[in-house]
Every structure is written in structure tokens, then in C-alpha cells.
Amino acid sequence: MPVMQVAQVSRPKGPFEIVERPIPQPGAGAVRIRVHACGICHSDSLIKEGAIPGLEYPRVPGHEVAGVIDAVGPGVAGWETGQKVGVGWNGGYCGYCDHCRRGEFFACVRGQVTGLTFDGGYGEYMVAPASAVALMPADLPPADAAPLMCAGVTTFNALRNSGARPGEVVAVLGLGGLGHLGVQYAAKMGFHTVGIARGKDKEPLARRLGASLYIDSQAQDPAAELLKLGGAKVILATATSGEAMSAVQAGLAVNGMLLVVGAAESLQVSPRSLLLGCRSVKGRYSGTSIDSQDTLAFSVRTGVRPMNETYPLDSVSEAYDHMISGKARFRVVLTIGSV
Ligand SMILES: [Zn+2]
Ligand SMILES: [Zn+2]
């Protein structure tokens, strides 16, 4: 029986183990993907550290997958072997529950999460429900595509659904794995893009990514600086610090929105500011496969790319530790196989 290498976690807080497993066959409604690259996302720590009770182990993490379909299960329409594809956090939806019937596919009651409820992309092959698969542009290198399947779609989809119009002020709080993509998307969408981060040294990067203004939150009051521009229509909060999010919201314009995509523990809001200025605080789910597909296509068309540090699958432990240290510039990606 042909075998493959995967990196699995056998128990909460357990180490990564490189093991051989039989190459899986895709069941009904699923496809098998030969993985070429898989990003390491902070959310993979949910598996590694066992943060969610009831998860099944061993598990192969990874929800920033780029590869090629190499087998198609029974009953799959619209996909064929040889297509370059990606798989993200959303691991598919049923299509018939009440949420799906309302078009809220992300909230499907039978929804799966890639690399969490089924094995993900830290390996040579994986099997995914066809509804989880996004078509990848042919000329996008796999290592570039992988982080776009989570960090990319998260920021792209939040911004394109934010209601902000070209020319309006959109601030991106944080210039890390999410934020460095958020600034690029905001600029390419035609917003008056403002980057906010800690330290003067990040200004050249913010400007290179397309920000027309940079606010150093250590030296300046970001809210006051945003108000000088008339306030931000949207502040895309990619940082994981609730304090930083709380501090910027006074910089929202009338009808402005604090759009939360960074998983902070808690956040303080001023009810008075919300009601007097019709302001809002909103979270945004990353997106489903068609959102990822749109993200990939937009990125290729406009030249948006993640900045990555790549590691081979064998070095998964080192790669994960680097990601979790917060020192990665900016996404960590496993390159797998010959590509
Ligand atoms: Zn992720
Ligand atoms: Zn459903």
C-alpha cells in the first residue's frame, strides 16, 4: 500500500511526530489533494495545545493548504484531477441545514474545520470535502497561495464586506501576519489606507505595502491622528491586543466600524461613542471556499503577496515554535514534496 509522510499531534501539548500513513482514498463528495505547501497559523495551536475539549487525536493540523487534486471521490461534480486548489479554515458545509439554506454557509451546523475536525495539510496528501476547495490561479506559487487561504481571505473578505467605499479612510491596526496583508488589500481596493503599529521602524514597511499614512502607536495617539483625517470609516483590528483595539476606537468616523479579525481575549467599548456616532463593533468570519477563491484571484490580479518564511515538513517543530514566538516575518509556511 502506498504511504505518505504527515506531521501529526497525538495528544494535547504533545510534540509533532513525522509518521508514515497509507495514502487515503477520497470518500463520496471529497477530493484528495497532493499538498505542495501549508501555512502554519496561530489557530493551529488549538490542536497542538489542546485548547478545545473533545478534539480527536492523533490529528494532522493545517488549514492553509495549497496543492493539486490527484483523486476525486464518487459524486463530486465540478472538480477533476490536475486542478490546482487551496483549502482553508472552512472545511465544507452541508448545503441543506437552515443556515446553508439562508446562504450562511460559514455557520453550517454540520460544518467542518480543516486540520481540526479532519486531517489538514501538514502532510503529503489530504482529503477534503469538495465544498471546502478553492480553485487556485495557475501562476500562483503554492507557498504564496497557502497563507492567502487563511490570513489572506480573513482580511480580504472583511474589507470587501465592510461597506467602506474607495477613497474613505480605512485603518489597519497591527502589521503582523494578518495586518501586512490587510494593508495591501486596503490599498488595492482604493481606500485611503492607514497603517497603525508600534514603533517608528515599521513605517517604511507600511508604506511599501501601500499605506498612505503610518501611525506609530507608541509615539502618537492613534485615535487623535485618525480624527485629523475626519475619522476612520473602518478600523480593521488585526492585532491580538484588546487594549490596542480599545485605544483606537475613538478614532472612528460617524457610522464607522471597528472590524475585529484578531482573536483578542476581551475589548472595552464606549457605549456613548457607539450610540452618539452610530458606530459599531463587528466580527467577521474568515470566509468559505468561494471567498478564498476570490481572494486568490484578486491577489494575483493586483500583486498582493504574503511575506513568508518557509521550512521543510521535517522541520515542522522548529517552524511552529518560530510562529508561536511571534517573531516570524510574517507567515510561516511548510513546503512539501518537490515543489
Ligand atoms: Zn488560520
Ligand atoms: Zn449546512
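The values are calculated or read from the model by the stated rules, or taken from the named source; none is laboratory data. Everything numeric in this text was worked out from a predicted model, so none of it was measured. Note: ideal-geometry Cβ built from the backbone for every residue, glycine included; neighbour counts use all protein chains shown. Each accessible area value is taken on the protein alone, full model and side chains, heavy atoms only, with ligands, DNA and RNA left out. Shrake-Rupley method; radii C 1.70, N 1.55, O 1.52, S 1.80 Å.
Listed values, structure above:
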| quantity | calculated |
| --- | --- |
| Whole-percent carbon and sulfur share, accessible surface of the range 78-176, 1.4 Å | 49 |
| Inter-label distance for ALA297 and LEU55, nm, one decimal - labels placed 7 Å from Cα along Cα-to-Cβ | 3.3 |
| Extension gain from GLU80 to ASN255, taking 0.36 nm per residue of separation minus the Cα-Cα distance | 58.4 nm |
| Largest to smallest accessible area among HIS99, HIS42, HIS180 [probe 1.4 Å] | HIS42, HIS99, HIS180 |
| Given charges at beta-carbon only (K, R positive; D, E negative), |dipole| of the range 1-97 in Debye | 80 |
| Descending semi-axes in Å of the range 34-119, equivalent ellipsoid built from Cα gyration tensor | 22, 20, 11 |
| For the chain, calculated [θ]222 nm from helices alone, where every DSSP H run of n ≥ 4 adds -39500 (n - 2.57) | -6500 deg cm²/dmol |
| Simple Cβ-charge dipole of the range 196-272, Lys/Arg +1 and Asp/Glu -1, about Cα centre, in debye nearest 20 | 240 |
| Principal axes of the chain: Cα extent on each, largest first, Å | 66, 43, 40 |
| Area projected by the alpha carbon convex hull of the range 55-103, averaged over all directions, nm² | 5.2 |
| The range 70-150: proportion of alpha-carbon pairs further apart than 17 angstrom, % | 51 |
| The range 219-322 - percent of accessible surface contributed by carbon and sulfur, probe 1.4 Å | 52 |
| FRET efficiency, 1/(1 + (r/R0)^6) with R0 25 Å, evaluated for VAL3 and ASP321 via beta carbons | 0.40 |
| Top of ASN308, ASN157, ASN255 by mean-square fluctuation, Gaussian network on the chain, Cα under 10 Å | ASN255 |
| Candidates GLY75, GLY231, GLY177: whichever shows maximal mean-square fluctuation once the chain is modelled as a Gaussian network with Cα springs under 10 Å | GLY75 |
| Residue-level accessible surface for LYS188, protein heavy atoms, 1.4 Å, Å² | 110 |
| Under Karplus coefficients 6.51, -1.76 and 1.60, residue-wise ³J(HN,Hα) of the range 140-149 in Hz, glycine/proline x | 9, x, x, 5, 6, 5, 3, x, 5, 6 |
| Full-stretch length increase - LYS200, GLU265 - with 0.36 nm per residue and alpha-carbon distance subtracted | 20.7 nm |
| Amide H contacts under 5 Å for VAL85, placed H, 5+ residues apart | GLY67, VAL68, ILE69, MET136 |
| Sites matching GluC sites (Glu not before Pro) across the range 1-82 that sit in DSSP coil, with at most 14 neighbouring C-beta atoms within 10 Å | GLU49, GLU56, GLU80 |
| Accessible area per residue in Å² at 1.4 Å probe, computed on the chain | 43 |
| Taking all pairs of distinct alpha-carbon atoms in the range 1-148, Kirkwood radius in angstrom | 15.5 |
| Karplus-derived HN-Hα couplings along the range 257-268 (A = 6.51, B = -1.76, C = 1.60, θ = phi - 60°), whole Hz, x at Gly and Pro | 10, 8, 9, 9, 10, x, 7, 6, 5, 7, 7, 9 |
| Compactness of the range 145-216 as Cα Rg over 2.2 N^0.38 Å, two decimals | 1.01 |
| At 0.692 mPa s and 37 °C, Stokes diffusion of the range 84-127 via Kirkwood alpha-carbon radius, µm² per second | 293 |
| Spin-label zone in the range 291-310 - amide nitrogen under 17 Å from a point set 7 Å from the Cα of ALA138 along the C-beta vector | 297, 300-301 |
